[in-house]
Every structure is written in C-alpha cells, then in structure tokens.
Amino acid sequence: MKHLSIVIPTYNRREKLLRQLHAIFNQPQAKDVEVIVLDNHSDYDCEQVVSLEFPEEQFPNLKVIIHPYNIGGNMNISLCFYYATGDWLWMMSDDDVVAPASLNTVLGDIEQHDEKIVLKYSLAAMPYSSYDNVTIGSLNDLTDYFEEKKLLLGNLIFISTGVFNLNRLKPVVGQIIEYGFDSMSAINPIIIGLDKKLGDVFFSKKYIIQRNDPHDKLNQGWSMNYHYIIGRIVSILDYPFECDGKTIRRLLYLNKDWNIYKLARSLFLLQDKTKMKIFHDRTYKYFYHGRRRLKAEIVFYCLYMFNFDLKERRFMMKS
C-alpha cells in the first residue's frame, strides 16, 4: 500500500485530465504514490485515453475507475475517500494543475504532521485564502482564525488544496461520503473531524497547485449555478453535530461574503418566483446578517417583486 493516494475525480475533461497527470508524473516522487482517476462516465473512453498516454507497464501505480453511469459530481468527489488505499489522500481536481515539486512538499509535510487530520494549503491568486502556518484544534478556533484573518469558509471548498489523514479520519469516512451532497467534500473532513475531536488541522503558507481564475459560460462574472452551490452548503445543517448551535451558526456566518448580486441574479434565472422565495427563506438568514443582510434583502426583493437589478440599474427581461 502506498503512503499517499492521489485521487482525481473527472468528467468530460480529457485534455485537462491528461495535463494534470503529466504534471504529476513529471515529478520524480510520483513513482512512490498511488494515482487513481475516478471517471464519472464521460462521453469518451477515459481508460483507453489514459492508458495510451500512460502505458501500464511504465505507470503501474496509475489506475482508472469508470462509474457505470454518472453518479453526480458531489458523489464522485466524495468517493475519493472510498477508493484511496493510502494512509493519506490528496484529493485533486482535474483542472487545478499541481505545482512543480508539490509532491515533495506534500510527502515531507505528511511525515512532519503525521498526527494531524488534515493539511490545508494556501490557494495561489486568491487574496483571502493565504494562510499562516497555524494549527487549529476546534471549530471555534477555526472560526476565530478565519474571522481574525478575514478569510472565507468558501475558500476551503477547493478540493486540490487539502491532504487528508485517512488513518485518523477512518471513524468518520462514512459520514464524509454520506454528507457529501453539500458540495463541501473538501470541508467536511475538517468540520466533522474537529467536531468529533479526532485531531488538529494544519493550515500552511505553502502553495501546492497552480490555479487560473475560472471563467463562467456567460462571461459575465457570475454563474447560473451560483444559487445551487449556496443551497447545497446550507445542507451542513443536516449533519448531526456534537457541538452547540452557536458554533454551527458561527460556521455558517463565515459564508457571509457570497456575492449578493450574483446570488439574486442566479435565482432570477429560475424564472419562478415561488422557487426564488423558497430558496430565499431557506438560506438568506444563515448567510447574511446585520447591514449586509439588509442590503441582500433589498437586492433580492427588487428582482423578486419588480425584476429590477440594482447593480445594473435596469429591469431584467424574462427569457
């Protein structure tokens, strides 16, 4: 069994997947790790494409697992914890390219921090996701640190910046997979592990991936699925926490900087006022508070009642 498993969930990203695999295997330490590709039933033959580029006789530690049908992105990501056989898991997106020498960094760090439950690295090019070298031992310590540094809980969503100690997390791996529907498979091990007091989380100044700013399909700086992600995140309330309600609320408040304009526009694209209101009633009270809550409500109700976009200062047309 390899000490470290790299598991890459992928779907219909042939070129990006191959680019990622080359970035991994260009590093000499790659021969010492397990590399697994979880293909979510792509439209191309992922196993054949990978084997042609990386023949088994030269890359015996590379394996492709293809699901018999598309099981959804959240489940595909969560199953990284099921298929990894190493002591540690580096769950890696197919489009966040690993940095040069990152394998050497991770392998050295897991030896140094063998008692930690998660190692979380800084995210390059993200102004509010540059960490100190700090150890966090509880959920309240986590919220204290993020509030003090003005960091955002949403930045923890990026899966490629986390390395997980499967030996320490073993008692909750089932729950990590079970509650992966909240779109926070990279955050759940941190939150669940700290809630269950399984160990500490280490935040690192180091960068282990190279990431470009994403471009949405509409090229307008916001996504049609913006509300979908936020709706999933609030599902954290479904998890049976052992901590008190005040701590849970503090965790949710760390999401306060989700863009209120993007959210309202994304909801407007549903073209269904009832759905807009249902979503509003379920989520806004957890993500926005104080003056920001008031602003969010005004932005929402201007679109909800009058189809008026406050930021653009114009009426939105229905499709």
So which pairs qualify, if the first residue must be in region 157-183 and in a strand (DSSP E or B), the second must be of a type in the set (D, E, K, R), the Cβ gap must be under 7 Å, and the two must be at least 6 apart or on different chains?
-> 162/120; 165/116
Of all the residues that make up region 102-142, how many are under 25 Å from residue 18 (Cβ atoms), open to solvent by 20 Å² or more (accessible area, probe 1.4 Å) and under 20 Å from the mean Cα position of the chain (by Cα)?
-> 2
All helices (runs of 4 or more DSSP H) inside region 18-101 with 3 or more residues being open to solvent by 10 Å² or more (accessible area, probe 1.4 Å), under 28 Å from residue 123 (Cα atoms) and among the charged types (D, E, K, R) = none
Quickly run through region 241-284 and pick out the residues that are closer than 21 Å to residue 306 by Cβ, open to solvent by 30 Å² or more (accessible area, probe 1.4 Å) and part of a helix (DSSP H, G or I).
-> 261, 262, 273, 274, 275, 277, 278, 281
Can you give me the number of residues within region 198-226 that are assigned to a loop (DSSP other than H, G, I, E, B), open to solvent by 20 Å² or more (accessible area, probe 1.4 Å) and modelled with pLDDT of 90 or more?
-> 2
Among (1) β-branched (Val, Ile, Thr); (2) at pLDDT 90 or above; (3) under 18 Å from the mean Cα position of the chain (by Cα), which single condition is residue 230 missing?
-> (2)
Filter result for residue 229 (outside any loop (DSSP other than H, G, I, E, B) and open to solvent by less than 50 Å² (accessible area, probe 1.4 Å)) | no
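The values are calculated or read from the model by the stated rules, or taken from the named source; none is laboratory data. Just so you know, these numbers come straight off a predicted model, no measurement behind them. FYI the Cβ positions are ideal-geometry reconstructions off the backbone, even for glycines, and counts take in every protein chain you see. Heads up: the accessible areas ignore ligands, DNA and RNA and are worked out on the full protein's heavy atoms, side chains in. Shrake-Rupley method; radii C 1.70, N 1.55, O 1.52, S 1.80 Å.
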